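These notes are about the structure you will find just below.
Nothing in this text is a laboratory measurement; each read-out follows from the coordinates by a stated rule. Small disclaimer: the values here were computed from a predicted structure and weren't measured. Positions of Cβ are generated from backbone atoms using ideal geometry, with glycine treated the same way; all protein chains shown enter the neighbour counts.
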Amino acid sequence: MTLTTVATIEDLVTAARSGSLRAAGRLLSLVESSRREEVLDIVGSRPVRVVGVTGPPGAGKSTTIAVLVRAYRQRGLRVAVLAVDPSSPYSGGALLGDRIRMAEHIDDADVLIRSVATRGHLGGLAVAVPAAIRLLAALDYDLILLESVGVGQSEIEISAIANPAVVVLNPGAGDAVQAAKAGLLEVADILVVNKADREGADQTVRDLRAEAGVPILKLIASRGEGVTELADVIDAHQRSDTFARRTARARVQILSLAQSKLRTHPELDDLAHAVAAGSSDAYTAAARLLGTSGSD
């Protein structure tokens, strides 16, 4: 079967499992579309390891992911990278950003790199991300590295999907302070001070230790220094995961996706107009939107 012909979803799944990155890409496009449920009904569900990487712009997230991909490939794992980008205001597509640092993996059939547009979703994660992860698991990827957009307080949503959530920061007080203000330190399972050869790295580590009780590592991603230690800490964290933690992540994920659906609810504008006109109140409107009685 060639992909130049009209392929069914089953055909695409078979081709993708046989190593066709093109087929995998077409399936990912489908799960970002109205045909999402068709794909998910066919692929089923299986567990997969998901590592989230977030942090301020310029911290070196893409470089960190690139060296992690290299480390996991050396261990024989098939790796997928989902880079979640802000949607283009014109096309609705993903702004690819700087993926040059991942170029060494482009010709590796066991590495898939995909940008996913947020398409207006308020959180740092796109609505299609949970479906994309489920698809990639079914396509026999061993590990998914999830890079979020790196801007805004809503970046904390990465903790609803990934385990662990790795927050990458630069040396100096600026990133550490801003990360604390944005709530990133509250959801970080692992903190990484990248560009650790720069002045102020040790002080940044000390500052972070005073604020967070999670592992803090130093990394020079551009030279691959510290990446083995980071991969080992990630593995140790995943082994210590519990059902209670998985339940908490699922709860946040459900609420996030539910909020996205409510924002496109066909009655939302009419309800807002009614509240603005004084013919209804926000409590009653919210209850109607949720289909509840509105008693609380």
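Once the other residues with Cβ under 13 Å from the Cβ of Arg209 are scored (Lys, Arg +1; Asp, Glu -1), what is the net sum?
-1
For segment 191-296, compute Rg over Rh where Rg is the Cα radius of gyration and Rh is the Kirkwood radius from the inverse mean 1/r over Cα pairs.
Radius of gyration relative to Kirkwood radius: 1.27.
Note the full-extension length gain between Arg26 and Arg209 as 0.36 nm times their separation in residues minus their Cα-Cα distance, in nm to one decimal.
61.5 nm
If you add up the charges near Val275, with Lys and Arg at +1 and Asp and Glu at -1, over every other residue whose beta carbon is less than 15 angstrom from its beta carbon, what do you get?
Taking every Cβ under 15 Å from that of Val275, the sum is -3.
For segment 204-213, take each phi angle, set θ = phi - 60°, evaluate the Karplus expression 6.51 cos²θ - 1.76 cosθ + 1.60, and give the result in whole Hz per residue in order, putting x for glycine and proline.
Once θ is set to phi - 60°, the couplings for segment 204-213 become 4, 4, 5, 4, 5, 4, 6, 9, 9, x Hz.
With charges set only on the Cβ (+1 for Lys and Arg, -1 for Asp and Glu), what does the dipole of segment 162-271 come to about its Cα centre, in debye to the nearest 20?
Here segment 162-271 has a charge dipole of around 200 debye.
Cα centroids of segment 1-60 and segment 219-244: how far apart, whole angstrom?
26
What distance in nm lies between label points placed 7 Å from Cα along the C-beta direction at Ala277 and Ile42?
4.7
Which stretch or stretches of segment 56-80 have amide N atoms under 17 Å from the point lying 7 Å from Asp107's Cα along the Cα→Cβ direction?
Hits in segment 56-80 for Asp107 at 17 Å: 70.
Please compute, for the alpha-carbon atoms of segment 193-238, the extent along each of the three principal axes and give them in descending order in Å.
Extents along the principal axes, in whole Å: 29, 27, 8.
FRET efficiency for Thr8 and Asp140, Cβ-Cβ distance as r, R0 = 22 Å, nearest 0.05?
Calculated value: 0.70.
Students often forget the sequence filter, so: which aspartates and glutamates lie under 14 Å Cα-Cα from Lys61 once same-chain residues fewer than 8 apart are removed?
Asp85, Asp98, Glu147, Glu155, Asp175
Give me the extension gain from Glu199 to Arg17: residue separation times 0.36 nm, minus the current Cα-Cα distance, reported in nm with one decimal.
Gain on stretching Glu199 to Arg17: 60.9 nm.
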